[in-house]
Amino acid sequence: MGEEKINLNMLSYQLVKDMIRNKEKLNLGLIKLKNGGTILDTGVKARGGIRAGEILTEISMGGLGSAKFGIANFEGYLLPSITVTTDHPALSALGSQMGSFDLVPSSYGGIISGPARALALSPRKLYEDLNHLEKSKIAVAIYQADELPNEEVVEFISEKCRVRTENIFVLATGLKSIAGAIQVLGRIIEDGLYQLYFTHSFDVARVKYVAGIVPLPPISSEDSKWPKISPDDMIAYCGKLFLYIEGEEENLKKLAKMLPSASSENYGKLFNEIIEEAGYDFSRVDKKFFAPAVVQITDLKTGKIYKGGKINTNFLKRFV
């Protein structure tokens, strides 16, 4: 692997420090564990908020992207939405934003994402392909679960990342909070890059710039394992992804048609139905569902634009 050019953990740490300084304004909870680890609660027990969700999303992208809340038109409906952009698509999405179960003890149900993955090389082959080798005395991770992480989770991350526990910063988030929902919606970029790399074996180094926009789902604090309409549903049925790629014309035309979520065998179902049918086992879920509804690819060589997919208006009518 090549030498480090960008340090995802240190870039993200700057954002983490800002969140800690402004924790009251952002409605965050700050917990210092006995082993020295720092937990920043962005929406598990703390209220969090929209601004916290924006920053959380940017941290999930290793400090290499931007996330902005706004109002956008989706098939005639004006909806609150999140827009994400990056000039480093492969590294920010696959090298940081992508979720992993490898950094969590097997007895826990949480998902880890964020730049700490780069220190743990999770998975190694991916970081070899990204040509990214990172060293850092600080590790920043995002922990998505219904409960706050404890000392055991921090110890596990410490061992995997080879970073002292007192230098571990974990941002806790849940799907029942607006910050947690925004963070998952921001994964529309990761979903697109995941499909390119893992499903279509595409050279993601050719993807130079990416932007995505997704409306927010209804936010509910009801005690259920998965929300009735999840952020993943919003991406699959309403999300729009814009890719700027240096590639071969014919391949890009095909990709625009193959990338949208409509290619999944589970298209038409809600994520809570899909995961229940899979026995809550992510490995049994068709990964093609985790894709945007609409994909637009701009060929940076010719300027031609290729489009695929569509907004599912029937889905929109279920909650608007």
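Some notes on this structure:
- Helices (runs of 4 or more DSSP H) contained entirely in the stretch 106-190, each with at least 1 residues that are of a type in the set (A, V, I, L, M, F, W, C) and touching a Pro at 6+ places or on another chain (Cβ under 6 Å): 151-161, 178-185
- Hits in the stretch 104-127 - residues which are touching a Phe, Trp or Tyr at 6+ places or on another chain (Cβ under 7 Å) and crowded, with 19+ Cβ neighbours inside 10 Å: VAL104, GLY110, ILE112, ALA118
- Some residue of the stretch 248-256 being within 18 Å of PHE74 (Cα to Cα) and surrounded by fewer than 17 Cβ atoms within 10 Å (Cβ to Cβ): no
- Candidates are the residues of the stretch 20-47 that are among the basic types (Lys, Arg) and not in a strand (DSSP E or B); the one that is surrounded by the most Cβ atoms within 10 Å (Cβ to Cβ) is LYS23.
- Residues satisfying the stated conditions in the stretch 286-300, i.e. free of Cβ contacts under 8 Å to residues at least 60 places away in the same chain, closer than 14 Å to TYR237 by Cβ and in contact with a helix residue (DSSP H, G or I) (Cβ under 8 Å, 6 or more places away or on another chain): PHE289, ALA293
- Residue count for the stretch 10-58, restricted to those that are of a type in the set (Gly, Ala, Ser), more than 12 Å from PHE169 (Cα to Cα) and in contact with a Lys or Arg (Cβ under 8 Å, 6 or more places away or on another chain): 2.
- Sole residue being of a type in the set (Asp, Glu) and touching a Gly at 6+ places or on another chain (Cβ under 9 Å), chosen from GLU159, GLU134, GLU152: GLU134
- Scanning the stretch 286-306 for residues that are part of a strand (DSSP E or B) and aromatic (Phe, Trp, Tyr) gives a single hit, TYR306.
- The condition (being of a type in the set (A, V, I, L, M), at pLDDT 95 or above, buried (at least 24 other Cβ atoms within 10 Å of the Cβ) and more than 20 Å from ILE182 (Cα to Cα)) is satisfied by just one residue among ALA93, ALA139, ALA52: ALA139.
- Selection from the stretch 29-56 of residues that are in contact with a Ser or Thr (Cβ under 9 Å, 6 or more places away or on another chain), within 20 Å of ILE82 (Cα to Cα) and not basic (Lys, Arg): THR42, GLY43, GLY48, GLY49, ALA52, GLY53, GLU54, ILE55, LEU56
- Looking at ILE229, ILE275, just one residue is β-branched (Val, Ile, Thr) and either at pLDDT 95 or above or part of a helix (DSSP H, G or I) (or both), and that residue is ILE275.
- Any pair with Cβ under 7 angstrom, 6 or more apart, that starts in the stretch 140-153 at a residue that is closer than 19 Å to ARG47 by Cα and ends at one that is exposed (fewer than 15 other Cβ atoms within 10 Å of the Cβ): ALA145/GLY109; LEU148/LYS45
- All positions within the stretch 248-272 that are within 21 Å of VAL214 (Cα to Cα) and without any contact (Cβ under 8 Å) to a residue 40 or more places away in the chain: SER263, SER264, ASN266, TYR267, GLY268, LYS269
- For first residues located in the stretch 105-118 and more than 14 Å from ARG162 (Cβ to Cβ), partners that are surrounded by fewer than 24 Cβ atoms within 10 Å (Cβ to Cβ) and of a type in the set (Val, Ile, Thr) and lie 6+ apart or on another chain with Cβ distances below 8 Å form the pairs GLY110/VAL104; ILE111/VAL104; ILE112/VAL104.
- Of all the criteria given as (1) among the charged types (D, E, K, R); (2) under 25 Å from ASP18 (Cα atoms); (3) crowded, with 23+ Cβ neighbours inside 10 Å, the one not satisfied by GLU147 is (3).
- Residue identified as more than 22 Å from LEU15 (Cα to Cα) and among the polar types (S, T, N, Q) among SER158, SER177, SER220: SER220
The values are calculated or read from the model by the stated rules, or taken from the named source; none is laboratory data. Being a predicted model, the structure only gives us computed values, none of them experimental. We place every Cβ from the backbone using ideal geometry, glycine too, and count neighbours over all the protein chains shown.
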